[in-house]
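The values are calculated or read from the model by the stated rules, or taken from the named source; none is laboratory data. The structure presented is a predicted model; accordingly, all values stated were derived computationally and were not measured. Positions of Cβ are backbone-derived with ideal geometry, glycine not excepted, and every protein chain shown enters the neighbour counts.
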Amino acid sequence: MDYFKSKAFEKHRKNTYSLLEQIPYANSPVGWTFKGNFSIGGFEYFGFDESSDLLLVVSSNGRGIIDLAKAEKIARDDTDDFDLDETLLICEGFDVLKDKSIKLASKYGGSILPIRNKFGECLRRVSPLFPCEDIIYEPALEDCFVEGQNISCVRIYRGFLYCYGFSYSGNYFVIADDGGILFWERH
């Protein structure tokens with residue numbers, strides 16, 4: 001018997017869908033502030049510097065650096081003459097990130113960015129309405145899939161997701177989609 005065609009699986013699927021759809025939407029989780037978004041034409045990758053909260057963005061038009069603390073673009077490189085390893089998802093930095101290798105998340109799938117921070121908070125990717133996807137913020141010790149342990153979980157994104165991740169400091173997280181980059185800052 002094929003479990004995925006069974007009544008038990010159908011019941012499980014409906015229960016999971018119902019559980020996820022009960023999680024409320026919030027612009028920002030408690031303790032966080034939505035800081036804004038940047039439109040990125042031809043977006044392909046983003047990654048955080050491991051020793052600062054600078055964000056490297058790679059597009060079909062070159063590379064840019066965003067200072068998330070200041071919410072501003074601080075450098076731009078329009079050339080395509082740089083090392084980008086699309087298998088290992090690593091890109092060489094430039095300008096203030098010169099001589100650094102930046103780990104990336106890709107719109108094409110794959111990421112080596114943190115989805116959990118040092119405070120125990122987690123960004124969970126779920127797809128109850130596939131192909132639309134959600135990002136659910138889980139506070140420390142909570143799990144959106146466990147009833148009673150998901151009380152403070154909130155849905156912060158629903159759309160056509162490319163990639164996401166926390167900064168290495170744990171003080172920022174970024175979500176990228178076809179509209180650009182959305183980012184939040186920890187209080």
I'm checking my understanding of the structure. Among residues of the range 158-183 that are over 15 Å from I40 (Cβ atoms) and among the hydroxyl-bearing types (S, T, Y), which one is surrounded by the most Cβ atoms within 10 Å (Cβ to Cβ)?
S167
So S39, is it among the hydroxyl-bearing types (S, T, Y) and either without any contact (Cβ under 8 Å) to a residue 40 or more places away in the chain or within 30 Å of Q149 (Cβ to Cβ) (or both)
no
Would you be able to say whether some residue in the range 51-66 is exposed (fewer than 15 other Cβ atoms within 10 Å of the Cβ), under 15 Å from the mean Cα position of the chain (by Cα) and closer than 29 Å to V154 by Cα?
no
Given the condition under 13 Å from the mean Cα position of the chain (by Cα) and modelled with pLDDT under 95, answer yes or no: does some residue in the range 146-165 qualify?
no
Counting only residues that are outside any loop (DSSP other than H, G, I, E, B), among the small types (G, A, S) and either loosely packed, with under 15 Cβ neighbours inside 10 Å or out of contact with any Leu (no Cβ under 8 Å at 6 or more places or on another chain) (or both), how many does the range 110-137 have?
0
Any pair with Cβ under 7 angstrom, 6 or more apart, that starts in the range 1-14 at a residue that is farther than 21 Å from V146 by Cβ and free of Cβ contacts under 8 Å to residues at least 24 places away in the same chain and ends at one that is of a type in the set (F, W, Y) and surrounded by 10 or more Cβ atoms within 10 Å (Cβ to Cβ):
Y3/F9
Out of all the residues in the range 1-26, which are surrounded by fewer than 12 Cβ atoms within 10 Å (Cβ to Cβ), aromatic (F, W, Y) and over 24 Å from the mean Cα position of the chain (by Cα)?
Y3, F4
Filter result (over 17 Å from E50 (Cα atoms), hydroxyl-bearing (S, T, Y) and touching a residue at least 24 places away in the same chain (Cβ under 8 Å)) within the range 69-115
S106, Y108
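Of everything in the range 75-113 that's hydroxyl-bearing (S, T, Y) and under 22 Å from F38 (Cβ atoms), which residue is modelled with the highest pLDDT? Working first, answer last.
Step one: list which residues in the range 75-113 are hydroxyl-bearing (S, T, Y), which gives 79, 87, 101, 106, 108, 111.
Narrowing the set further to residues that are under 22 Å from F38 (Cβ atoms) leaves 79, 106, 108, 111.
Working: T79: 92, S106: 97, Y108: 94, S111: 94.
Filtering the range 75-113 for residues that are hydroxyl-bearing (S, T, Y) and under 22 Å from F38 (Cβ atoms), the one modelled with the highest pLDDT comes out as S106.
So which residues in the range 70-89 are in contact with a Lys or Arg (Cβ under 6 Å, 6 or more places away or on another chain) and part of a strand (DSSP E or B), if there are any at all? Before the answer, list the steps.
Just the residues of the range 70-89 that are in contact with a Lys or Arg (Cβ under 6 Å, 6 or more places away or on another chain), to begin with: 71, 77.
D77, the sole residue that qualifies.
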Listed by first then second residue, the pairs whose first member lies in the range 116-130 and is under 18 Å from D177 (Cα atoms) and modelled with pLDDT of 95 or more, whose partner is crowded, with 20+ Cβ neighbours inside 10 Å and of a type in the set (F, W, Y), with beta carbons under 9 Å and at least 6 positions apart or on separate chains, are L123/Y137; L123/Y164; L123/F166; L123/F173; R124/Y137; R125/Y164
The strands (runs of 3 or more DSSP E) lying wholly within the range 1-69 that contain at least 2 residues that are of a type in the set (A, V, I, L, M) are 54-59, 62-67
